[in-house]
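Reading through the C-alpha cells given below for one structure.
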Amino acid sequence: MEEKQTKKKVLIRKIAKIVVVIALVTVVPYYYSKNKSVGKELTTLVTNYNNACPMMISNDIRMESVNTLPHNTIQYDFTLVRVQKESIDVEALKKSVETEILASSKTNPSLEAFRDNGSTVIYYYKDGNEKELFKITLTPEMY
C-alpha cells in the first residue's frame, strides 16, 4: 500500500514538472517577444549617436541623447534651445513637428534601420529651460 502511494507521489511530481516545463516553454518566448529590446545593429547605432551628443541639429534644435527602451523602442531627446514653454503655443508646435516627422518618416534614411526592425521611435522635446514640451511617438504602422 505504501509502495502505491509512493509511486503515485512520484507520478504526480513528474506530471507537475512536465506542466511547469510546458508552461515555461510557451510563456517565456511570448514574454520576450513582447519585451524584446532593440537588436545589436540598433544598439550600435544608438551608441554612435550618443557619442556625438549633444549635437546641434539646427540653430534651434539640439539632440541631447538617444536611448533604447523596452518593447523595441528608441527615444530621441531634443532641446529647442531658443524656445521657452511659457511663450509659445505648445499644441500648435507639437502638431507642426508631428506633421513634419510623419512626412519624412517613410523616406528619411536615418530611420531606415528602425523601419527595417519594426521599432517604435519616440521624439521627446524640452524647451531651453529643460521644461518638457511634448512627445511624439512614431509606431511601425505609421511608416
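On the basis of being surrounded by 13 or more Cβ atoms within 10 Å (Cβ to Cβ), β-branched (Val, Ile, Thr) and modelled with pLDDT under 90, does Ile101 make the cut? Spelling it out, Ile101 is indeed surrounded by 13 or more Cβ atoms within 10 Å (Cβ to Cβ), β-branched (Val, Ile, Thr) and modelled with pLDDT under 90. Being within 21 Å of the chain's Cα centre (by Cα), in the same structural domain as Ile122 (by TED's automatic domain parsing) and at pLDDT below 90 is a property that holds for Thr44. Among the residues in region 50-63, are any buried (at least 17 other Cβ atoms within 10 Å of the Cβ) and modelled with pLDDT of 90 or more? Looking through region 50-63, at least one residue is buried (at least 17 other Cβ atoms within 10 Å of the Cβ) and modelled with pLDDT of 90 or more. Checking each residue in region 115-130 for being within 14 Å of Glu64 (Cβ to Cβ) and surrounded by 14 or more Cβ atoms within 10 Å (Cβ to Cβ) picks out Ile122, Tyr123, Tyr124, Tyr125, Lys126, Asp127, Gly128.
Taken residue by residue, region 29-37 has no member that is modelled with pLDDT of 65 or more, surrounded by 13 or more Cβ atoms within 10 Å (Cβ to Cβ) and under 26 Å from Asn117 (Cα atoms). Of the strands (runs of 3 or more DSSP E) lying entirely inside region 68-143, those carrying at least 3 residues that are touching an Asp or Glu at 6+ places or on another chain (Cβ under 9 Å) and within 15 Å of Ile57 (Cα to Cα) are 73-80, 120-127.
The values are calculated or read from the model by the stated rules, or taken from the named source; none is laboratory data. If you're wondering where the values come from, they're calculated on a predicted model, not measured in any experiment. Glycine also receives a Cβ, built like all others from the backbone with ideal geometry; neighbour counts cover every protein chain displayed.
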